[in-house]
Amino acid sequence: MKRFALAFLFFLALAGAWQLMVQTGRWSPVLLPSPTDVAAYLWSAAQDGTLFAAIGVTLRRLLVGYAIGLAIGLPLGLLSSSVRFVEDTVGVLALGLQTLPSVCWVPLALIWFGQTEGAMLFVVIMGTVWSVMIATDTGARTIPRVYARAARTMGSEGFHKWTRVILPAALPHLITGMKQGWAFAWRSLMAAEIYVTVLSGFGLGHLLHYGRELNAMDQVIAVMLVIVAIGLLADKALFGPWEHFLHRRWGINAREA
Amino acid sequence: MLDSIGSQGLPQPRPPKLIVDGVSKWFRTPRASVHALDDINLAVGDGEFICLVGPSGCGKSTLLDIIAGLTRADAGRVTADGQLVEGPGRHRLVMFQESALFPWLTAFGNVMFGLKLVPGLSRAERQATALRYLRMVGLERFAHANIHELSGGMRQRVAFARSLAPDPHVLLMDEPLSALDALTREQLYADIQRIQQDRRKTIVLVTHNVREAVCLGDRVILLSPGPGRIRESFPIHLPRPRDVNSIQLAEYTERITSALKGYIVPETV
């Protein structure tokens, strides 16, 4: 409770300092809107529904793309950790593509898919797959061999061994990879939404983009705040329970790892 | 005990539980070939506790791996209960040196892991069995503890329970106590002996600790390195339970240790 109060005071002080800077009048309100302007924009956007509609569109894209990315990345990572051929081919490809900033996929996605949902999903998936795959690969490789040996002498082979031993043993790495994949997916989606106007849905990135077009700085800052808040909440909601589990079972503090 | 199946109507001697027949093993790397085991022959009776001792590099752990089916022999074969060993399986469980417990499961979950792979048991039977074995090693109260919360000695107790619970025909132990402190180890000597008196398992234990071997084994087999060979076999005629600090035990240890020293070739430059 004390920590919460401290954090609350910190952000209150931050907003206070901001308000004071605005009140000195040194900067034009067009460049630096006051916190109350930003709050007013958020209120009105929430009232007329644009904000929640945009959040809905963005989250749907993000979750669908991320889920597909995981569904491809996890098995690929397991494969490349155990099959030399996959390691030498797809593994190398993944290493290369992981270094490619996901915004770089946007032009390609536009030409291939046009201004559609497909382009959005493609960019998110490309942002997710490779980092998830590499983390899974690393995770599966660093499992102490004795786990698999012990499991085999107890009669666990094949599918049973993979699902009951290798996957859970790799869990700490998987979570790290999934978190990283999530961060990449989130970044690539924002990049894609800012670059590309899609008629099928108006997301947070678009809202941000039009804020700039209209020189509405209050909108720009408000949407940025919303994006940060969603990132924080998703981290807590999606990964909090897993990290709690890791901490309890393994004794690992995932935040320090 | 007169199960007179023999054609002459005479009681047949019980066949050995485990036979290692002419096993040899080489480890080949692109540069060299290391002869790890040379013509190992060994017969282990039903309910017998044998200990393999030898200096590091004598191939004792490799031999255990071959018996377990985790490593293939280059020559010779292993039979357990008259069946050729071709791969690992739950009838020959291995208890490892340390941290082979699964950290994503509780102590109870670890014991259940092997039990779930035993066919023909109901859920309730498995759970009752798991608890019974945890009680046997004195850890019933810690059934739902996480592995990282247990001390080294407690972990090896859980590992012992996990290896015994599926009732394997043969239990293989690969230096199971060498990572523990002396006091904890002595306590486990007592526990293992007590449980062995009860359960009469066929056990093969690998160790570099001669005292441990004398304390636990019905027979101590001495291996020498380069290549790994069986040199001598010492039957231990001491009443159980044995105290690892007793004088008689020390005498055996003394004899085996001096024999062991004779087989260690001083390193030549």
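Read-outs: derived from the displayed coordinates by stated rules, not from any lab. These figures come from a predicted structure and were not determined experimentally. Counting neighbours? That spans all protein chains shown, and the Cβs are built from the backbone with ideal geometry, glycine included.
Here are some notes:
- Contact order normalised by residue count of chain A, Cα under 8 Å, 6+ apart, percent: 24 percent
- With neighbours defined as other Cβ atoms within 10 Å of a residue's Cβ, the residues A:Thr36, B:Thr207 order from fewest to most as A:Thr36, B:Thr207.
- Fraction of the pair-distance distribution of the protein assembly as shown above 36 Å, Cα-Cα pairs, percent: 52 percent
- For the peptide B:144-151, the mean number of other protein chain Cβ atoms found within 10 angstrom of a residue's Cβ is 2.
- Since only A:Ala119, A:His160, A:Gly69 are under comparison, the one whose Cα sits farthest along the positive direction of the charge dipole of the range A:52-250, derived from C-beta charges on Lys, Arg, Asp and Glu, is A:His160.
- Each peptide in B:144-152, A:54-62, B:116-124 was scored by the mean count of other Cβ atoms within 10 Å over its residues; highest first, the order is A:54-62, B:144-152, B:116-124.
- Here A:Asp48 and A:Leu14 are evaluated by their C-beta separation; at R0 = 30 Å the FRET efficiency comes out at 0.60.
- Peptide-level mean, for A:166-175, of C-beta atoms on other protein chains within 10 Å: 1
- Taking 29 Å as the limit for the C-alpha separation, the pairs B:Lys116/B:Lys201; B:Lys201/B:Lys261; B:Lys25/B:Lys261; B:Lys17/B:Lys261 exceed it in the case of B:Lys201/B:Lys261; B:Lys17/B:Lys261.
- Around the amide H of B:Arg242, modelled in the peptide plane, lies no amide H under 5 Å away from a residue 5 or more places distant or on another chain.
- Computed over the range B:1-147, the Cα gyration tensor eigenvalues convert (square root of 5λ each) into semi-axes of 32, 26, 14 Å, ordered from largest to smallest.
- Cα-centre dipole for the range B:28-67 with unit charges at Cβ (Lys and Arg positive, Asp and Glu negative), debye to 20: 340 debye
- Each 10 Å bin from zero up to the one holding the largest Cα-Cα distance in the range B:99-167 carries the following percent of pairs: 25, 59, 16, 1.
- Each peptide in A:65-77, A:41-53, B:225-237, A:218-230 was scored by the mean count of other Cβ atoms within 10 Å over its residues; highest first, the order is A:65-77, A:218-230, B:225-237, A:41-53.
- Taking the convex hull of Cα positions in the range A:52-250, its mean projected area over all directions (nm²): 12.6 nm²
- Partner lysines for A:Lys179 [C-alpha distance under 20 Å; skip if fewer than 8 residues away on the same chain]: A:Lys236
- Here the label points at B:Gln248 and A:Leu238, each 7 Å from Cα along the C-beta direction, are separated by 6.8 nm in the simple model.
- If only the Cβ of Lys and Arg carry +1 and only the Cβ of Asp and Glu carry -1, the dipole of the protein assembly as shown around its Cα centre is close to 620 debye.
- Secondary structure note: in chain B, about 55% of the DSSP beta bridges are antiparallel.
- Charge dipole of chain A (Cα centre as origin; +1 on each Lys and Arg Cβ, -1 on each Asp and Glu Cβ, all else neutral): 1080 debye, rounded to the nearest 20.
- Per residue, chain A reaches -24000 deg cm²/dmol at 222 nm when only DSSP H runs of four or more residues are counted, each adding -39500 (n - 2.57).
- Amide proton proximity set for B:Lys17, modelled H, under 5 Å, gap of 5+: B:Val44, B:Gly45, B:Asp46
- Scanning chain A for long hydrophobic helices, with DSSP H runs required to stretch 27 angstrom or more by C-alpha along their axis and to average at least 0.0 on the Kyte-Doolittle scale, returns A:2-23, A:50-82, A:117-141, A:171-195.
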